[in-house]
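What follows is a single structure, written as structure tokens, with notes after it.
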Amino acid sequence: MAKSRFKTMKLGSLPVESWEEALSLQKMIGVDIITCGLPCGGFVDVYANKMPSIRKICDRFYLNTDAVSYAPVCSECLSRMKKAVDNPLKAIIPGPATFLSVARCDNQKLALMKLSEVLIEEVEAMERIGADFIQINEPMLSRIYPVPRPFIHAINKIAHSVSVPTILHVCGEISSFAHYIPGIEVEMVSLEFAGFPKNFDFLTKDLFEGKKVVVGCVSTKPRVEDVEMIKRVVDRALDFFSDIILSSDCGFAKTPKDVVIHKMTNMVEVSKESDF
């Protein structure tokens, strides 16, 4: 029997200085799906610093809803990576709920509408350049309850604006968020299981009907998970799902590079195993 092979990717940032270094590191480790750029740093900051309608005063961002307009952010980086690698590419945007959690504004309803339009332009540009997957990062969705319906509607509008598969990534414990998953119209949902094993307690197969699950099987903590530890996470995931992708829990902005390499190398090793 031929060996099975779980696809692998990493999420979010890496402890690197440039997209070239990010690409080189991922190619060296051997992940299947390359994540575009994302050197170490706050991802909302990357977007906020390039959008003409946002200014930073001290440590806070302020969004002027009257001046919201599109400016390409990750498109240039994505274009360069597309020319440099044959692997499928995943591009990432900050989700509207998370974006508005750090950007102050006078009219959140209007800001959400205009911000969603700008993010739609960004993902459409990413698709034209050649992104094979679009990931919407929404760490805030596990921290707010109830999740306002306009946020879910905005995420769905962004997902529907492209034809490539979309991924929703939610950080942390999903106890209050899990029941929203069926109403979010993406092809994949990415969750943290290595750092939050209790998330398995909130899973049911019907929650993910029609969706593939990206299983966070290595945490962002300094401790390196060995192959057997990763296999245990994968085993639990396979009790619920047969079609999964292996990934890190989240981004590695604060994780030492040598630890990142060790963690991700072990994850790729597990992805090649067939005897689960």
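The values are calculated or read from the model by the stated rules, or taken from the named source; none is laboratory data. Please read these numbers as outputs of a predicted model, since none were measured by experiment. Quick reminder, even Gly has a Cβ in these numbers, built from the backbone with ideal geometry, and neighbours come from all protein chains shown.
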Strands (runs of 3 or more DSSP E) wholly inside the range 44-131 that include at least 1 residues being of a type outside the set (D, E) and surrounded by fewer than 20 Cβ atoms within 10 Å (Cβ to Cβ): 54-57, 60-63
Options L203, L207, L115: the member that is touching a strand residue (DSSP E or B) at 6+ places or on another chain (Cβ under 8 Å) and among the aliphatic types (A, V, I, L, M): L115
Residues of the range 231-250 being of a type in the set (A, V, I, L, M, F, W, C) and either assigned to a strand (DSSP E or B) or surrounded by fewer than 19 Cβ atoms within 10 Å (Cβ to Cβ) (or both), which ones? L238, F240, F241, I244, I245, L246
Within the range 24-52, track down each residue that is at pLDDT below 90 and over 21 Å from K221 (Cβ atoms). C36, G37, V44, D45, V46, Y47, A48, N49, K50, M51, P52
For the structure I just gave you, tell me whether A194 is assigned to a helix (DSSP H, G or I) and either surrounded by 21 or more Cβ atoms within 10 Å (Cβ to Cβ) or of a type in the set (K, R) (or both). no
With G183, G130 as the choices, which residue is more than 18 Å from T35 (Cα to Cα) and without any contact (Cβ under 8 Å) to a residue 60 or more places away in the chain? G183
For the range 213-230, which positions are crowded, with 19+ Cβ neighbours inside 10 Å and either outside any loop (DSSP other than H, G, I, E, B) or among the aromatic types (F, W, Y) (or both)? V213, V214, V215, G216, C217, V218, I230
